[in-house]
Amino acid sequence: MLKLSANLSLLYTHLPWRARFDAARAAGFEAVEIQFPYQTPLAELVAASQTSGLPVVLINLPAADLMEGGAGLACHPARQGAFRQAFTTLLPYAEALGVEAVNILPGRLPAGVARETALEVLSANLHHAAALLAGHGIRATFEAINRHDMPGFLVSSGDDMLALLEEVAHANLYMQADLYHLARSGDNITAFLAKHWARIGHIQFADVPGRGAPGSGTLPFDDLFAQIAALPYRYWTGAEYRPGAPAEAWLERWRRRA
């Protein structure tokens, strides 16, 4: 099943929040997702979601300094308390918005920390997140990010995600399959989706290599969308690309084909 959500942290960013929701609805998206909504008043986002009729299906757990080049929270041995504290920020947003999934970013390998140690910390933190979010009826996801875009990122490939999934062994932990990052890391996206769709809790996409809209690069999106639509996968597929012009031509093409 192909259900398309718009990532409003990258799309329509020239607009205020309510107008972003309206623009996504006008384009034909059925839902939205927001990376880090915490600087926006919760009431404003709830009102925008209700007015537009578009649910917010995914947000990220706060990640401290990750987006500024730091290690983040999830794999840092000295930040396990801060990782757990981040849920006090997350949960009011997750519950009021009614999100289906929360993405936990694994983070960069901290300076002076062995990779094995960082992975042990990450595994424990992901287990905690999966168990806590299960109590709220929310899927816990985590994603691989390629090391071209984020050097030093601890989890960068499909194999990395699969190893963590096996290590954590919690039924409420899912992979977030970002097709852009997987492709940039050299993964075979078609094979990965076909084999592992049942453990994928969210999909995101952008074209390679520039992280633009479908059609701006080399990925075969008509085939990929058709594959996702044919799978028993029932969760969302999020447009998380840097828009160019025309940003939504791919969506019109897909509608005509579908």
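Coordinate-derived values only; no laboratory data. Keep in mind it's a predicted model, so treat the numbers as computed, not measured. Here the Cβ is made from the backbone with ideal geometry for all residues, glycine too, and neighbour counts use every protein chain on show.
Here are the numbers:
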| read-out | value |
| --- | --- |
| Spherically averaged projected area of the chain from its Cα convex hull (nm²) | 12.6 nm² |
| Inter-part distance where the range 34-90 and the range 198-241 are each reduced to a Cα centre, Å | 23 Å |
| Kirkwood-type radius of the range 80-167, with distances r between different C-alpha atoms, in Å | 13.8 Å |
| Sequence-distant residues sharing a close amide H with Leu154 (under 5 Å, placed H) | Gly107, Arg108, Leu109 |
| Residue among Gly70, Gly28, Gly112 with the largest mean-square fluctuation in a Gaussian network model of the chain, springs linking Cα atoms under 10 Å | Gly112 |
| The chain: most fluctuating residue of Gln176, Gln85, Gln204 per GNM, C-alpha cutoff 10 Å | Gln85 |
| Under Karplus coefficients 6.51, -1.76 and 1.60, residue-wise ³J(HN,Hα) of the range 201-212 in Hz, glycine/proline x | x, 6, 10, 10, 8, 7, 7, 10, x, x, 6, x |
| Counted charge near Met150, where neighbours are those whose Cβ lies closer than 15 Å (Asp, Glu -1; Lys, Arg +1) | -3 |
| Per-q log10 I(q)/I(0), the range 48-111, q = 0.25, 0.30 Å⁻¹ (Debye; single scatterer per alpha-carbon; no solvent) | -1.01, -1.24 |
| Convex hull (Cα only) mean projected area of the range 1-147, reported in nm² to one decimal | 9.4 nm² |
| Average Cα contact separation per residue, the chain, under 8 Å, 6 or more apart, as relative contact order % | 19 percent |
| Within-15-Å neighbourhood charge of Gly53 [Cβ basis; K, R +1; D, E -1] | +2 |
| D_trans [Stokes-Einstein, Kirkwood Rh over alpha-carbon pairs] for the range 118-258, 10 °C, 1.306 mPa s, µm² s⁻¹ | 100 µm²/s |
| Residue with peak Gaussian network fluctuation, the chain [Cα springs, cutoff 10 Å], from Ala124, Ala78, Ala239 | Ala78 |
